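For reference, the structure is listed below as structure tokens.
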Amino acid sequence: MTGGTYTLCLDLPHAVDVEVGALGAHRLPAGGYAYTGSALGSGGFTRVDRHRRVATGENDTRHWHVDYLTGHPATELVTVITSGGVDAECRIARRLPDGPVPEFGASDCDCRSHLAMTDRITTLIDAAESAHAAEN
């Protein structure tokens with residue numbers, strides 16, 4: 001399966017407290033969230049399938065920062081935007097609004113965060129689609 005870069009678009013209808021592994025506890029306000037990651041290994045976009053299983057409760061293993069958010073019962077995975085064959089994780093994340101958790105998903109780069117946040121999920125989906133389109 002081909003890999004590339006992906007953005008998970010998530011809706012959080014109310015504020016929640018989330019323990020994000022080594023990043024500790026964070027209060028996340030209600031709104032739309034976008035997590036940008038890469039799936040460049042041999043499994044390609046099967047990583048996105050794993051994120052979907054965490055979001056539906058089929059997988060309760062927390063390996064990446066985003067697992068703590070997608071695995072929270074209040075979080076809804078609305079859509080996933082992908083750019084096949086493109087290594088653009090940091091460039092796409094930098095095109096999106098800042099998120100509330102510094103270093104989220106960005107422990108192996110110099111980005112502030114790979115988690116973006118806005119008040120409305122539709123606004124964030126539009127921004128993520130534009131960011132991916134700029135890389136294709």
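Computed from the coordinates by the stated procedures, all read-outs in this text should not be read as laboratory data. Remember, it's a predicted structure, so these values are computed and weren't measured experimentally. All Cβ positions, even for glycine, are placed from backbone atoms using ideal geometry, and neighbour counts span all protein chains on display.
Based only on other Cβ atoms within 10 Å, what is the fewest-to-most ordering of S83, S130?
Ascending Cβ contact count within 10 Å gives the list S130, S83.
With a cut-off of 8 Å between alpha carbons and a minimum separation of six or more residues, what is the relative contact order of the chain in percent?
Over the chain, the number comes to 32 percent.
First measure r as the distance between the Cβ atoms of D98 and S42, then evaluate 1/(1 + (r/R0)^6) with R0 = 25 Å and state the FRET efficiency to the nearest 0.05.
The computed FRET efficiency comes out at 0.15.
Cut-off is 10 Å between beta-carbons; in what order do C109, C90, C9 appear when sorted fewest neighbours first?
C109, C90, C9
So how much slack lies between T61 and D108, counting 0.36 nm per residue of separation and subtracting their Cα-Cα distance, in nm?
Here the segment from T61 to D108 would lengthen by 14.8 nm.
How are the alpha carbon pair distances in region 96-136 distributed across 5 Å bins from zero to the largest one, expressed in percent?
Bins of 5 Å from zero give 6, 24, 23, 23, 20, 4 percent of pairs.
Taking the chain, how much of its Cα-Cα pair set, in percent, is spaced more than 27 angstrom apart?
Pairs farther apart than 27 Å: 9 percent.
Helix-only mean residue ellipticity at 222 nm, the chain, DSSP H runs n ≥ 4 weighted -39,500 (n - 2.57), per residue, nearest 500. What is it?
Theoretical 222 nm ellipticity from helices: -8000 deg cm²/dmol.
Local charge sum around T75 (other residues, Cβ-Cβ under 11 Å, Lys/Arg +1, Asp/Glu -1)?
-3
Net charge near T46: determine it from the other residues with C-beta under 12 Å of the C-beta of T46, scoring Lys and Arg +1 and Asp and Glu -1.
Here the charged neighbours net out to +3.
Step through the residues of region 61-77 one at a time and calculate ³J(HN,Hα) from phi using the Karplus curve (6.51 cos²θ - 1.76 cosθ + 1.60, θ = phi - 60°), rounding each to whole Hz and writing x for Gly and Pro.
6, 9, 10, 10, 3, 5, 4, 6, 7, 5, x, 6, x, 7, 7, 10, 7
What nm distance separates the two modelled labels at N136 and R52, each placed 7 Å from Cα along Cα→Cβ?
1.8
Going by how many other Cβ atoms sit within 10 Å of their own, how do L69, L8, L77 line up, fewest first?
Ordered by Cβ neighbours within 10 Å, fewest first: L77, L8, L69.
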